[in-house]
Structures are given as C-alpha cells and as structure tokens.
Amino acid sequence: MFLLLAKLPQPTAEQKLAALDAAQDAYFAEGYTHAQDGATQPPDIAFLTSPAARARLKIDLALLPFSPGLDALLARPDLKFGVWQDHVKLQGIKFVLDGSVQARTGYFTRDYARGSPEGAHPWHGQPVLSPQEFCTQAAKVHARGWQIFAHANGDAAIDMAIGCFDTLGIKAADDRRPIVIHSQFQRRDQLPAYARIGVGPAYFSNHAWYWADVHRTNFPADIVDFISPLASARAAGLRPSNHSDYSVTPLDTRFMLWTSMARLSPTGVVSGPGERIGAYAALQALTTGPAWQAFEEGRKGRIKPGLLADLVILDKNPLTTPVDQIKDIKVLETIKEGRSVWKYPAGPGGR
C-alpha cells in the first residue's frame, strides 16, 4: 500500500493543509484532543513538522515514523523524539510484525481452521520481519533512546516482541514503555511478560463487534474470548489503552467505550464476559492509558490542576448510562487547552 501511495499523484501544499484541517475537525467532533499517526512516511514527517503545518495544527499529533526508513532517520541528528514542536512531536518508531487476523495474515502458534487467505493448509500466518531482523532494528531504536512501537496481532508475533524486548534487557523499572499495538490475540501467559518488561498494550476492542464472529470460524471460543483482554491486563497491573485503528473502524469514541464494556458481536455473542470492563475503566483506556503510553501523563489524560485544559462535554454521563445506550452518547463540545475547537451543532471552531 505504501509503495503504491508513493507512486500516486501527490497533493499540493495547500491541498495537504486543507486535508489537515479536515482531519483535525473529524477528530475534534468525536472528542479527541490528541491523535497518533500510525506509520509516518518521510514526506509526511517533513510536511507535518513544517512551519506551515505547525501553524495549522490545533490537535496534539504524535508521529510514529515507519521502520523501513529507520537508517535514514538515525542519520539525522536534527530529529528530536519526545519533544513537542508546537502541537506535533516524533513519538517513536513503528514496526509491523504481522498482518490482521480477519484477513488470516496474523502470525500464530496455532493454525487457522480455514487455512491461508488462498485456502492452503496448514497455515498459522507468517511474520512480516524475521525475529532477527526485528530485533536488530529495534536494538538501534533502543540504543538511541527512542520508544519502540510494534504492531502484533497473533500470539506468535507477540512472542517475537516479548523475545526481542527481553534480548534488549528492557525491564519495567527502566520506564522505556514499549507499546505492542493491538496485542489482539494475546495469551494469558504473556501478561506477566508485559508486566515484567513494562509493555503498554494498545488494545482494539472494536474487534469484538466487527470480527469476533469471523474469528470463531478460525479459532476455539476460549481463544476468541480473550481478544483485547482489558480486564485481565488491568488485573496484571498493566496500563492498557483502547483505539479504533481508524480508518479501519470509525473514530467514534462512545462506540469504543461500548465495545469494551459489552464485547458483543452482531450475532449476539459476547466474547469473554469476564473481560468486559465498567465505564470508568473504559474511559481510562481512552484517557489515562494512552497518556501514560505516550509519556504524557504529566500533561493530559485527567482533569487536574496543572494539566492541560483538554476537555470533552457529552450529553450524558457514561458512568450512569446503561451499557446498551453508551454508544448513543453525543459529543456536545471539545475544548483544547481551554479553547472551544468544536461544538454541536456549530461544528469546527465551536461558536
């Protein structure tokens, strides 16, 4: 996909700035004040850190440069990670270890019942990078002091991430906070490893609605019931986050709250009743969890004196709204650093 995009006609600078405005407004309309770009390409780094883009940015935007461009990034002493430039910062390096489970390209220790995407058997997926390739590159990132982000859906891909972090000697006490994005089909025995290393699992509870029924055609119910194990992760002392993987699923924050609380599929199957969480924990997965994972807990994620006045006003209290009505809650206003940036029904700019 990235190779194809690079060959397509490129938008002008003004078109890019207009698209940036539209993207911010889409996020503000759903109550976001912080966004993350999941695989930032070199031209996008240049654009999003440019004076023109920085002048337009109102949302806080964390960039994850994509690992295929790592050596070029390492050769640039001017790049500073973890430092805000107005509303944009380079957060860490993004690695992709496997594909998606619904497409049967996630990497597992067990076989897919339906075989490969072409129907071949046996098939348990395969990694995008070999363990050696991943850890060699991750070692360079770790040595530079940059944060490591690894996309891993299947349990074998998660094993790869854990194995590399152990090879690098990362421990929770080091406070390096490697993030395993999705951690979708995590095994129970992998939770203590996350706690030992200090991994932040970035879960994706929307899977319960969009693909749990598909997953059950490939894996036993007890395996599917442990997708995005927010309750078990919290019990293990982890600080999980929850995300939409937009544009894979909609930006809708209240829908994400609902999927983490209900874990319901379109056919009415609950994936892991014991992994359902309450409204407060579900809110934390969208606020304090992501803040910690991005080293932002001292600036955002809570309503507290001294933190940024990043607020969202809803038409109902999620803590007292019945679970089946959570997804119908509306965003009335989004406030970024004390300034109204979106208001219903006025839209962008608030008033």
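The numbers here are math on the coordinates, done by the rules we state, and not lab data. Just so we're clear, the structure is a prediction, and the values are computed from it rather than from any experiment. With ideal geometry, Cβ positions are generated from the backbone for all residues, glycine too; neighbour counts draw on all protein chains shown.
About the Cα centre, and with charges only on the beta carbon of Lys, Arg (+1) and Asp, Glu (-1), how big is the dipole of the range 1-136? Nearest 20 debye, please.
Values: 12 positive and 14 negative charges, 15 e Å.
Here the range 1-136 has a charge dipole of around 80 debye.
Per-residue Cβ neighbour counts within 10 Å put Leu311, Leu238 in the sequence Leu311, Leu238, beginning with the fewest.
For a Förster distance of 35 Å, can you work out the FRET efficiency between the beta-carbons of Ala113 and Leu74, rounded to the nearest 0.05? Please list the in-between numbers first.
On the way: r = 42 Å, r/R0 = 1.21.
The pair Ala113/Leu74 has a calculated efficiency of 0.25.
Listed by chain and number, the aspartates and glutamates whose C-alpha is less than 15 Å from the C-alpha of Lys330, apart from same-chain residues fewer than 8 away, are Glu30, Asp252, Asp315.
Protection proxy ranking of 22-32, 36-46, by the mean of other Cβ atoms within 10 Å over each peptide's residues and highest first, is 22-32, 36-46. Ranked by how many other Cβ atoms sit within 10 Å of their own Cβ, fewest first, the residues Ile170, Ile93 fall in the order Ile170, Ile93. Taking other C-beta atoms within 10 Å as the exposure proxy, His207, His215 rank His215, His207 from fewest upward.
Sort the following peptides by mean Cβ neighbour count (other Cβ atoms within 10 Å, averaged over residues), highest first: 13-20, 138-145. Present the calculation step by step, with values, prior to reporting the outcome.
Numbers: 13-20: 13.8, 138-145: 16.4.
Going from most to least packed, we get 138-145, 13-20.
Averaging Cα coordinates gives a centre for the range 202-234 and one for the range 244-281; these two points are 10 Å apart. For the cross-link pairs Lys58/Lys327; Lys7/Lys89; Lys58/Lys80; Lys16/Lys327, the ones whose C-alpha atoms lie over 23 Å apart are Lys58/Lys327; Lys7/Lys89; Lys16/Lys327. Each DSSP beta bridge with both residues in the range 34-307 is either parallel or antiparallel, and the antiparallel ones are about 10%. The share of Cα pairs per 10 Å bin across the range 34-307, counted from zero up to the longest distance, runs 7, 29, 36, 22, 5, 0 percent.
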